[in-house]
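Notes to accompany the following structure.
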Amino acid sequence: MKKATLVVLTKPVEGREDEYNEWYTGRHLDDVLQVPGFVAAQRFRMVGEPLEGATWPYCALYQIEHEDLGEAISGLVARRDTEVLPISSALDQENMSVILYEPITELKTA
């Protein structure tokens, strides 16, 4: 079983942050977790002033476990903006970043 983390950096359309957050937390995370291979999801909000070049106030991390990571991502893409995985118009789709990472070390803890 291969593991990866999908990092999604986003921001809402100006003036629609409440709607964006309600959709993302109340619907979108659960919709993504219905895609085969997606096993966990968590959202984050930027703290304090952004560092230079940081334009996305929100981050979502999706943990993926699948024999074929490409197949898992293809499953997500196939469902995107359909009735099973609708995309809110409150999401600024022109200004987002989506990156897939695979672990190269075990998780270290204190």
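When E71, E94, E106 are screened for being in a helix (DSSP H, G or I) and without any contact (Cβ under 8 Å) to a residue 40 or more places away in the chain, only E71 passes. Considering the conditions (1) at pLDDT below 95; (2) within 28 Å of E14 (Cα to Cα); (3) of a type outside the set (D, E, K, R), I99 is excluded by exactly one of them, (1).
Scanning segment 77-107 for residues that are in contact with a strand residue (DSSP E or B) (Cβ under 7 Å, 6 or more places away or on another chain) and aliphatic (A, V, I, L, M) yields A90, L91, M96, V98, I99, L100. Number of residues in segment 6-65 that are over 19 Å from S97 (Cβ atoms), among the basic types (K, R) and either within 13 Å of the chain's Cα centre (by Cα) or exposed (fewer than 13 other Cβ atoms within 10 Å of the Cβ) (or both): the value is 1. Filtered by the rule that a residue be under 12 Å from the mean Cα position of the chain (by Cα) and exposed (fewer than 10 other Cβ atoms within 10 Å of the Cβ), segment 79-110 gives a lone residue, I99. Pairs meeting the criteria (first residue in segment 33-44 and more than 7 Å from I64 (Cα to Cα), second residue β-branched (V, I, T) and surrounded by fewer than 18 Cβ atoms within 10 Å (Cβ to Cβ), beta carbons under 8 Å, at least 6 apart or on different chains) are L33/V39; Q34/V84; R43/T25. Here F44 fulfils each of the conditions (1) closer than 13 Å to K3 by Cα; (2) of a type outside the set (G, A, S); (3) in contact with a Phe, Trp or Tyr (Cβ under 8 Å, 6 or more places away or on another chain) apart from (1). Reported count of residues in segment 15-67, each being closer than 13 Å to L91 by Cβ, touching a strand residue (DSSP E or B) at 6+ places or on another chain (Cβ under 6 Å) and not in a helix (DSSP H, G or I), is 4.
Only one of the numbered conditions (1) touching a Phe, Trp or Tyr at 6+ places or on another chain (Cβ under 9 Å); (2) assigned to a loop (DSSP other than H, G, I, E, B); (3) without any contact (Cβ under 8 Å) to a residue 60 or more places away in the chain is violated by S88, and that is (3).
The values are calculated or read from the model by the stated rules, or taken from the named source; none is laboratory data. Since the model is a prediction, treat every value here as computed from it, not as a measurement. As a convention, Cβ positions derive from the backbone with ideal geometry for all residues, glycine included, and neighbour counts pool all protein chains shown.
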